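Read through the structure below, which is laid out as C-alpha cells, and then see the notes.
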Amino acid sequence: MKDDLKKLLLMQDIDSRIDRATAEMDEIPREKLIHERELESQKADYEKEKRKLEEIKEFSANCYENKEASEKMLAEFKNKLLQMKTNAEYSAMTEQIEFVKKKISDLDIEILEKMYEEEQGEQDLVDAKKIWERNTKRAEKRQDILDGQLEVLKENMDKLMTERRDISSGIGKRLLDKYEQLRGAGRGLVVVGLQKGACGGCLTNIPPQTAVEISQGTTFVCPICGRFVVWKDDSSMAGV
Ligand SMILES: [Zn+2]
C-alpha cells in the first residue's frame, strides 16, 4: 500500500473518532435540555399546588366572612322579632331567622370541608416542593458531570484535529480532495479493505487479477462506489 493511502487510513480512523466525539458532544446539550424541561414541569406542578391552596384559603376566608355577616343578621332579626306586632309579621321574621340559621349551618359544613382540603393542600404543596428541590439538586450534580465531560471531549477533539492536520499535510492534494469529497457525501468509510474478493464498501466483485494487484499493494478505485479499495489485515480473496 502506498504511503499516502496508509496515511489516509490513519486519517479515516481519526475522522471516525472525531465523529464519535462530535456525537457525544451533541448529546450533552440534549441531555441538559431534558433535565431543564423536567425541572420546569416540576416547578409548574409546585406552582399549581400553591395556587390551589391559595384558592382554598380564599374560599375559606369568604365562608368565614359570610358566616360573620349572617350571624350579625341573625342577631338583628332576633331583635326585630321582639318588635313584631302582628302574627303575620312575627311568622315572616321567624321564617327569615330559620333561613339565616340554615345558611350558617351550611357555611359551617363548608368551612369544615375546606379545613380538610387545606390540610391536604398543604401536604401536596410540601410534596411538590420536595420533588422539585430534590431534582434540582440532582440536575445540578448531573450538569457538573456533563460540563466536565464536555471539557474532556473538547480537549480530545483539539488533539484529534491537530493529529488530523498533521497527517493531512502529508497526503497528496488530489487524494485528499477525493477523500473529503467522498466523506462529505456521507459515504461512511472512504478507504475500505478487499473482502472476499469484493469492494468492502459496496460489495461489488472485483476481477481476480485486480484483486491480486490490490493484495500486492496497488490502490484500486471501485468503479461502482468510488471508494479506495486496499489490502488490509483482515482482507481476503474470493472464495477464501
Ligand atoms: Zn465499491
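Quick notes
- Rule-of-thumb Rg ratio for the chain [Cα; 2.2 N^0.38 Å; N residues]: 2.32
- The aspartates and glutamates whose alpha-carbon is closer than 13 Å to the alpha-carbon of residue 6, local same-chain residues fewer than 8 away aside, are 233.
- Per-residue ³J(HN,Hα) for segment 127-139, Karplus 6.51 cos²θ - 1.76 cosθ + 1.60, θ = phi - 60°, Hz, x for Gly and Pro: 4, 4, 5, 4, 4, 4, 5, 4, 6, 4, 4, 4, 5
- Based on C-alpha pairs under 8 angstrom that are at least 6 apart in sequence, the chain has a relative contact order of 27 percent.
- For segment 158-172, 3J(HN,Hα) computed residue by residue from phi via the Karplus equation (6.51, -1.76, 1.60; θ = phi - 60°) reads 4, 4, 4, 5, 5, 4, 4, 4, 4, 5, 5, 5, x, 10, x Hz, glycine and proline entered as x.
- Segment 194-230 and segment 91-140: distance between their alpha carbon centers, rounded to Å: 81 Å
- Charge dipole (Cα centre; +1 on Lys/Arg Cβ, -1 on Asp/Glu Cβ; no other charges) of the chain amounts to roughly 1360 debye.
- Long pairs among 137/159; 101/129; 32/52; 48/154, criterion Cα-Cα beyond 32 Å: 137/159; 101/129; 48/154
- Computed lengthening from residue 94 to residue 55, 0.36 nm per intervening residue step minus Cα-Cα distance: 10.5 nm
- Dividing the summed -39500 (n - 2.57) terms of all DSSP H runs of n ≥ 4 by the residue count of the chain sets its mean residue ellipticity at 222 nm at -28500 deg cm²/dmol.
- Cysteine residues of the chain whose Cβ has no partner cysteine Cβ closer than 4.7 Å: 63.
- Here residue 185 and residue 36 are evaluated by their C-beta separation; at R0 = 30 Å the FRET efficiency comes out at 0.25.
Bear in mind these aren't lab numbers, they're just calculated from the coordinates by the rules spelled out. Source: prediction; values computed, not measured. Glycine gets a Cβ as well: all are built from the backbone with ideal geometry, and neighbour counts include every protein chain shown.
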